[in-house]
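First comes the structure, then the notes that go with it.
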Amino acid sequence: MEEEQTQQTLDEKVEDVLETIRPALMADGGNVELVEVDDGVVKVRLVGSCSSCSSSTMTLKMGIERALKKAIPLVRCLEQVT
């Protein structure tokens, strides 16, 4: 039960950080969706123009992953899924 609550809280924290990033992505016609958080690994899906953008790797690593790690020390890395 406690682990379930911790996971829900972690998911909520990740979603809160993503909400701060979304306006910039949406301004360029894209977005990011949280797929899952598993043992500190955050899996996301880029959608819209972000899914085919040549800068998407930079957006993921230098933007989203950096923001997540800064706000949530439990986050170890970010992975993109399709």
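Please list, in order along region 12-19, the HN-Hα scalar couplings obtained from phi with the Karplus expression 6.51 cos²θ - 1.76 cosθ + 1.60 (θ = phi - 60°), rounded to whole Hz, x for Gly and Pro.
5, 5, 4, 4, 4, 5, 4, 4
When DSSP beta bridges are limited to those with both residues in the chain, what percentage is antiparallel, rounded to the nearest 5?
Working: 8 of 12 bridges.
Roughly 65 percent of the beta bridges in the chain run antiparallel, per DSSP.
List the residues whose amide H sits under 5 Å from the amide H of Glu36, counting only those 5 or more places along or on another chain, with H placed 1.01 Å from N in the peptide plane.
Excluding prolines and chain starts, which carry no amide H, the hits are Lys43.
With only Lys, Arg, Asp and Glu charged, each at its Cβ (+1 for the first two, -1 for the last two), find how big the charge dipole of region 2-80 is about the Cα centre; round to the nearest 20 debye.
On the way: 9 positive and 15 negative charges, 122 e Å.
The calculation lands at about 580 debye.
With a cut-off of 8 Å between alpha carbons and a minimum separation of six or more residues, what is the relative contact order of the chain in percent?
Details: 93 pairs, mean separation 23.6, N = 82.
Relative contact order, the chain: 29 percent.
Counting only helical runs of four or more DSSP H residues, what would the 222 nm mean residue ellipticity of the chain come to if each run contributes -39,500 (n - 2.57) and the total is spread over all its residues?
Numbers: 2 runs with 32 residues, N = 82.
When only DSSP H runs of four or more count, the value is -13000 deg cm²/dmol.
Check cross-link reach from Lys70 to the lysines: straight Cα distance under 16 Å, and skip same-chain residues fewer than eight apart.
The qualifying lysines are Lys13, Lys61.
The numbers here are math on the coordinates, done by the rules we state, and not lab data. Nothing here was measured: the structure is a model prediction, and the numbers come from that model. A quick note on method: Cβ atoms are made from the backbone with ideal geometry, for glycine too, and the neighbour counts reach across all protein chains shown.
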